[in-house]
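Contents: one structure, followed by commentary.
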Amino acid sequence: MRIDLHVHSNASDGTDDPAEVVRRARAAGLDVMALTDHDTQAGLAPAQASSADDLTLVPGMELSCLLDGRSVHLLGYLFDPDDAELRAETAQIRDDRTYRAQAMVAKARELGADVSWEQVAAIAGGAVIGRPHIARALAEAGAVDTPADAFTADWIADGGRAYVDRYAVELPRAISLVRAAGGVPVLAHPRSAGYEIADEVIARLVDSGLCGIEVFHPDHDLAERDRLAGLARSLGLITTGGSDDHGSFNNHGLGVETTPPAEYELLLALAGPRP
């Protein structure tokens, strides 16, 4: 069984609509896929409408969080979408994403980039706006050669000249919110550059309800996967994996990283109201 538990659509910062993501998942031979758009589940219904019996679609979301003032990400699976506290938190995150993107566009214009808010909004197409949309606008304007080139100190990398901070929920609270909503919180790519979370911090997060670590990710080399898997075993956490595919934006490819079937079964067993 091939299981990819980290996938994005154009409901956030992926390039493909949910139906196309589902088509690609089936073409890649996936049996299970989690749609984990940033701070929204808006793509879930159209994805479900396009799925078939040969593909299990797992409801999920990648939450924008803060840890000691740094941006980190949390994957949440199988939570109650009508949970009032979690809905309010994600709504605030989405609203602030818009204000932040507008401020970043203004900064980019001050730096000489011929971009506009209308252009960025059109690229996003009603989706939750993120930096990849601004990066694509900068590339279209010729300010950078490719969208990836926008993620530098000259433009929109963390601390860059056109970078603007935004609201995000503190990581321990996000974990508690997902768990209280009956979901399964899993740290996303905790060894990706800029998103690192130390072992001792991960150990403390278990008290907040952390259930797992994303071990199998394109940013993690084999040695790091071994270290994370050992840490997960010592803490009683599940280990997940996923491509973190954003369509043509990062070209990872659906299914390039997967979750072991036994770990997926453990994830399913953890879902539901907290005892």
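Determine the calculated [θ] at 222 nm for the chain from helices alone, applying -39500 (n - 2.57) to every DSSP H run no shorter than 4 residues and normalising by the residue count; nearest 500 deg cm²/dmol.
Dividing the helical sum by the residues of the chain leaves -11500 deg cm²/dmol.
Could you please state how large a percent of the accessible area of region 1-125 is carbon and sulfur, counting protein chains only and using a 1.4 Å probe?
Here carbon and sulfur together make up 46 percent of the probe-accessible area.
For Leu222 and Gln102 in one chain, what is 0.36 nm times their gap in residues minus the Cα-Cα distance, to one decimal in nm?
Once the chain is fully extended between Leu222 and Gln102, it gains 39.3 nm.
Given labels modelled 7 Å from the Cα in the Cβ direction, how far is it in nm from Ala148 to Arg109?
In this crude label model, Ala148 to Arg109 measures out at 3.0 nm.
Please give the contour-minus-distance gain from Ala28 to Thr56: 0.36 nm per residue of separation, less the Cα-Cα distance, rounded to one decimal in nm.
Difference between extended and current length: 8.7 nm.
Accessible area per residue, 1.4 Å probe, Å², for the chain: what's the number?
Result: 41 Å² of accessible area for each residue.
Can you tell me the 0 to 90 degree angle between the C-alpha axis of helix 18-27 and the longest principal axis of the chain, rounded to 10?
60 degrees
Write down the percent of antiparallel bridges among all DSSP beta bridges whose residues are both part of the chain, to the nearest 5.
Around 40 percent of the beta bridges assigned by DSSP in the chain are antiparallel ones.
Given Ala42, Ala28, Pro218, which one lies farthest toward the positive end of the charge dipole of the chain, if we put +1 on the Cβ of every Lys and Arg and -1 on the Cβ of every Asp and Glu?
Ala42
Among Thr36, Thr259, Thr98, whose mean-square fluctuation peaks in a Gaussian network model of the chain (Cα, cutoff 10 Å)?
Thr98
Note the listed values (i) 50, 40, 32; (ii) 53, 41, 40; (iii) 46, 43, 34, then indicate which one is Cα extents along the principal axes in Å calculated from this particular structure.
Looking at Cα extents along the principal axes in Å for this model, the match is (ii).
Only four residue types carry charge here, +1 at the Cβ of Lys and Arg and -1 at the Cβ of Asp and Glu. Report the dipole size of region 9-101 about the Cα centre in Debye, rounded to the nearest 20.
280 debye
Expressed as an acute angle from 0 to 90° and rounded to the nearest 10, what is the orientation of the C-alpha long axis of helix 222-235 relative to the principal long axis of the chain?
50 degrees
What span do the alpha-carbon atoms of region 18-165 cover on each of the three principal axes, reported in whole Å from largest to smallest?
For region 18-165, the Cα extents along the three principal axes come out at 51, 35, 25 Å.
Would you tally the net charge around Gln48, using a Cβ to Cβ cut-off of less than 15 Å, leaving Gln48 out, and scoring K and R as +1, D and E as -1?
-3
Against the empirical 2.2 N^0.38 Å scaling, what ratio does the C-alpha Rg of region 36-106 come to?
Expressed relative to 2.2 N^0.38 Å, the Cα Rg reads 1.29.
So, with a 1.4 angstrom probe, what is the percent of accessible area on region 128-212 that is carbon and sulfur?
C and S fraction of accessible area: 48 percent.
The values are calculated or read from the model by the stated rules, or taken from the named source; none is laboratory data. Fair warning: this is a prediction, and the values are worked out from it, not measured in the lab. Note: ideal-geometry Cβ built from the backbone for every residue, glycine included; neighbour counts use all protein chains shown. To get the accessible areas, we keep the full protein, side chains included, count just its heavy atoms, and leave off ligands, DNA and RNA. Shrake-Rupley method; radii C 1.70, N 1.55, O 1.52, S 1.80 Å.
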